[in-house]
Amino acid sequence: MTVLLSSIAFIVVLGILIPVHEFGHFWVARRCGVKVLRFSIGFGRPLWQRAYGPDQTEWVIAAIPLGGYVRMLDERDSDDTPIDPADLPRAFSRQPVAKRIAIVVAGPVANLLLAIAVYWGMNVVGVMEHKAIVGAPVAQTPAERAGFREGDLVVAVDGQAVRSWKDLSWLLLQRAVDKARFEVLIERPEGVTRELSLDLREFTTRDLDSNPLPKIGLRPGGGAPRIGPLSEGDVAQAVGLRPGDQVVRIGDRTVTSREELIQTVRGSAGKPLTFVIDRDGQALTFTVVPALARDAAGNEFGRIGAQIEARPPLVKVSYGAIESIGIAAGKTWDVVAFTFRMLWKMVTLEASLKNLSGPISIADYAGQAAQHGLADFLEFIALVSISLGVLNLLPVPMLDGGHLLYYLIEIIKGSPPAERIIQWGQRAGVGLLFLLTALALYNDITRLLL
């Protein structure tokens, strides 16, 4: 089921992003007076094909859906079909360099505009997200050394307001990559506000191979502890506890965190505990006697045969329609800048090449996002759309950025690069893209096996 969901989600993502990218090229080409011969989603043998419009443009869905292209009338085309002299002024190669640049850059710009539109829609409608309340910091981590405590509400990072755990994660990720020292404004459960200094300057390249938040030592908290999956025939099941039960009190003491409940149970082997439970709004009382158990070192502790979960409280994050335009554009710009920084750090080996992901990982992430709900899936589409736009702007022949590089040379020297230079660049670009694709697939397979 997971593989099926990931496959469907991946196809949906490609089915949105590729047409948007290619439509950017198509729309601007038509506005510039260029004749478009074919608009293809995918490569290889056409599965569906129709001709529409005054130019009888071929609209194609092809067998290999990992990309697409817009074919325009061009004198340099290897096709031997003669060009009608009346159409020559509409050939792409006959256009001024400014129009060619506009047509080429329109694809990546369309991807960025899609991301802005998605972020804008989510901001206007509003999204339920976890509050930025931290759990008990992991021992011997930067978070513990900074002085974080369980229940702290993060208000701002370096003066930037934090409205949810997702905001906090994004701001921390950027600073982890930069190995920065920065200030975090928090509010303690008792209402006291403090500023903590979080130092990530000792982060290494290996620390950035995966999600750096666990290495920082911060994790979501603030949620009331709940009973999770039960062990068959064990204490919790025997007394009548059920998954989803919220533990409100133990005796006369209010239980405020998952960690507190776990420590109470572990320290009460053989001692009766009175659990006050909230089950669908109904208060129930159970007497639970944790069973005696021993760890590998022989130390005794109590257990009840239930996983203890915590669901952080939620907050609705939304903005006005006008305000959301600037916020969406700013978020898109932040992701663009972060992507370029990460690419540069990989080139300079400050970040691991393990961060490259191929289609297998993207499909997996798409499936996970789809399982988490529409909001997460839409945000994933926005992130991948930005990545597609940025990667296409890289100055690599075969990509949009490679064509832009040729046009820049043309502007500087007053004429296009020599044909042999372009051909050499195309071969080099194909080789580089092949190596990057192979590396990304290797990373994908490694992640699956580990």
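The values are calculated or read from the model by the stated rules, or taken from the named source; none is laboratory data. Just so you know, these numbers come straight off a predicted model, no measurement behind them. Cβ sites come from the backbone with ideal geometry, for glycine too, and all protein chains shown count toward neighbours. Accessible surface areas use protein heavy atoms only, side chains included; no ligands, DNA or RNA. Shrake-Rupley method; radii C 1.70, N 1.55, O 1.52, S 1.80 Å.
Here are some conditions: (1) at pLDDT below 85; (2) under 23 Å from Gly389 (Cα atoms); (3) among the charged types (D, E, K, R). Asp79 meets all but one. Which one does it not meet? The failed condition is (2).
Of all the numbered requirements in (1) within 25 Å of Glu379 (Cα to Cα); (2) open to solvent by 50 Å² or more (accessible area, probe 1.4 Å); (3) touching a residue at least 12 places away in the same chain (Cβ under 8 Å), Arg45 misses one, and that requirement is (1).
Residues that are small (Gly, Ala, Ser) and either at pLDDT below 90 or part of a loop (DSSP other than H, G, I, E, B) (or both) were ranked within segment 82-103; the one that is surrounded by the most Cβ atoms within 10 Å (Cβ to Cβ) is Ala91. When the residues of segment 270-282 are filtered to those that are over 14 Å from Arg226 (Cα atoms) and outside any loop (DSSP other than H, G, I, E, B), the one that is most open to solvent (accessible area, probe 1.4 Å) is Gln282. Could you tell me whether any residue of segment 157-164 is farther than 24 Å from Glu202 by Cα, open to solvent by less than 70 Å² (accessible area, probe 1.4 Å) and touching a residue at least 24 places away in the same chain (Cβ under 8 Å)? Within segment 157-164, one or more residues are farther than 24 Å from Glu202 by Cα, open to solvent by less than 70 Å² (accessible area, probe 1.4 Å) and touching a residue at least 24 places away in the same chain (Cβ under 8 Å). Scanning segment 175-200 for residues that are under 23 Å from the mean Cα position of the chain (by Cα) and either farther than 27 Å from Arg341 by Cβ or surrounded by fewer than 17 Cβ atoms within 10 Å (Cβ to Cβ) (or both) yields a count of 3. Residues in segment 299-314 that are over 39 Å from the mean Cα position of the chain (by Cα), open to solvent by 80 Å² or more (accessible area, probe 1.4 Å) and either free of Cβ contacts under 8 Å to residues at least 12 places away in the same chain or closer than 24 Å to Gly221 by Cβ (or both): 1 in all.
Rundown of residues vs (1) open to solvent by 50 Å² or more (accessible area, probe 1.4 Å); (2) assigned to a strand (DSSP E or B), yes/no style:
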| position | (1), (2) |
| --- | --- |
| Thr264 | no, no |
| Ser268 | no, no |
| Thr285 | yes, yes |
| Ala297 | yes, no |
| Gly330 | no, no |
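Suppose the filter is of a type in the set (A, V, I, L, M, F, W, C), in contact with a strand residue (DSSP E or B) (Cβ under 7 Å, 6 or more places away or on another chain), farther than 30 Å from Leu343 by Cβ and open to solvent by 50 Å² or more (accessible area, probe 1.4 Å); does Leu241 pass it? The answer is no for Leu241. Checking each residue in segment 197-222 for being more than 26 Å from Gly159 (Cα to Cα) and not polar (S, T, N, Q) picks out Arg206, Asp209.
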